[in-house]
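Trainee: Mind looking over this structure? Questions follow.
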Amino acid sequence: MTTLKIILYCFSFLLSLVVLLPLIKKDFWIFRVFDYPRLQKFVLVSIALAGWLVYYRDSTLLIDWGIIIFLGVTLIHLAYVIVPFTFLGKTMVDRAEDSSKTPLNFLVSNVYQYNNSFAKLLTLVKERNPDILFLVETDYKWRDAVITLRETYPHYIEIPQDNTYGLLFYSKLPIERQEINFLIDKEIPSIIADIKHDNQTVRIYGLHPTPPVPKENKFSTDRDAEILMVGKMAKEYNKPCLVMGDMNDVAWSYTTRLFLKTSELLDPRRGRGMYSTFNAKKILFRWPLDHYFLSSHFRLVKMNVEKSIDSDHFPISISLVIASKDDSDKMTADADDKELADEKIEAGKNGTPL
């Protein structure tokens, strides 16, 4: 057996693991973390399949053709997952057609708590001039460094924390109602803020749940439960609202899909691109972790991944207008989806991973 073939066998075996593990619907981190690199897996499977077809397409060994067929099916599966987040996919949120309406502009940024490039963030805020600014992973040092934002954004919710889960929310528009919640973990806050725009109340849910990685949380249970709880709140509200923040989950995961069904919110990424925000420092390991999910009252003006502020996340901005409600593109939950969502929420509340 040649060295090249040994390498292909080993490479194909490792790829099989990282492709199959996320199909196991368990909350342990080893199963969930491989949800993230779908595009990277697509590229690596393409390389492995090309290697087999170029060098061993004449092989008579059943195992070789088993690998080739498996890689081919895997490539189709990964393409099926990825295509909705390209221009080939169907859009969920329509473009704004009425240019006379005043847009509502948002900027979300995970600043990375240990990042000291405060000036870069402030410069970006000045350039983009959002109506709503949501900063996550903000400690007291960050709160003090951006305190001048209060001059331009006189309405704010500040929850600085030293555990990488602090939140800072700034608004040019008056906050009619606000809540600070600790839905799953007493150290992980989330917010609800009602603001007035275009003569309508817009409810904003801001959150930053824990990721399923060993140093943070070995299970995705807390993250999934918090996201799904907020999704149910948004559906019950049934008025213009959006969920935003660093969700520590990718747009194509089964949890995000369950969230979209449970909340009946829309993903503006679909049909437009991945808009990858993490990891800003490693171009080969980059995927979308920072999100906006919108009720069907909104139309999209534009959405952009912004320039680096020396965080491990790129900021992401969105501009929206309010229009008539259009539910034609929403996902809906069936009985099994509702049961699974309830199980995940209860598991998060009880601290019993699934």
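Any read-out appearing in this document is the output of simple, stated calculations on the displayed coordinates, not a laboratory observation. This one's a predicted model, so the numbers in the text were calculated from it and none came from an experiment. Cβ coordinates were reconstructed from backbone atoms using ideal geometry, including for glycine residues, and neighbour counts include every protein chain displayed.
Trainee: Summing +1 for each Lys or Arg and -1 for each Asp or Glu, what net charge is found among the other residues whose Cβ lies under 14 Å from the Cβ of residue 287? Please report the intermediate quantities before stating the final value.
Mentor: Details: positive: 32, 38, 41, 269, 281, 282, 286; negative: 35, 246, 249, 290, 312.
Once all neighbours under 14 Å are counted, the net charge is +2.
Trainee: For the range 52-197, compute the number of Lys pairs whose alpha carbons are separated by less than 17 Å, excluding pairs fewer than 8 positions apart on the same chain. Walk me through the numbers on the way to the answer.
Mentor: On the way: 101/196; 120/141; 126/172; 172/196.
Lysine pairs satisfying the spacing and distance rule in the range 52-197 number 4.
Trainee: Peptides 79-90, 270-281: what's the order by average Cβ count within 10 Å, highest mean first?
Mentor: Details: 79-90: 14.3, 270-281: 18.9.
Ranked by mean Cβ neighbours within 10 Å, highest first: 270-281, 79-90.
Trainee: Report the gain in length on full extension from residue 101 to residue 307: 0.36 nm times residue separation, minus Cα-Cα distance, nm rounded to one decimal. Write out the running numbers ahead of the final one.
Mentor: Values: separation 206, 0.36 × 206 = 74.16 nm, distance 2.72 nm.
71.4 nm is the gain from fully extending residue 101 to residue 307.
Trainee: Another question, then. Could I have the simple spin-label model distance between residue 140 and residue 114, label points 7 Å from Cα toward Cβ, reported in nm to one decimal?
Mentor: Label at residue 140, label at residue 114, 2.0 nm between them.
Trainee: What is the Cα centroid distance between the range 166-218 and the range 90-140, reported in whole angstrom?
Mentor: When both Cα centres are located, 14 Å separates them.
Trainee: So, one more: Just going by the charge dipole of the chain, with Lys and Arg at +1 and Asp and Glu at -1 on Cβ, which of 62, 294, 155 is farthest out on the positive end?
Mentor: The one lying farthest along the dipole's positive direction is 62.
Trainee: What is the range 3-85 by shape, rounded, prolate or oblate, if you read a ≥ b ≥ c off the alpha carbon gyration tensor as root eigenvalues and call it rounded for a/c under 1.5, prolate for a/b larger than b/c, and oblate otherwise?
Mentor: Details: a/c = 2.30, a/b = 1.72, b/c = 1.33.
It is prolate, given that a/c is not under 1.5 and a/b is the larger ratio.
Trainee: Separate question: Just the Cα atoms of the chain: what Rg and Dmax do they give in Å?
Mentor: Values for the chain (Cα only, Rg and Dmax): 21.5, 73 Å.
Trainee: Still on this structure, please answer the following. Under a 5 Å amide H to amide H cut-off, with H placed in plane at 1.01 Å, what residues pair with residue 298 once short-range neighbours are removed?
Mentor: Residues meeting the amide H criterion: 323.
Trainee: Quick one: what are the phi-derived ³J(HN,Hα) couplings along the range 71-79, Karplus 6.51/-1.76/1.60 with θ = phi - 60°, whole Hz, x for glycine and proline?
Mentor: Along the range 71-79, the couplings run 5, x, 5, 4, 4, 5, 4, 5, 5 Hz.
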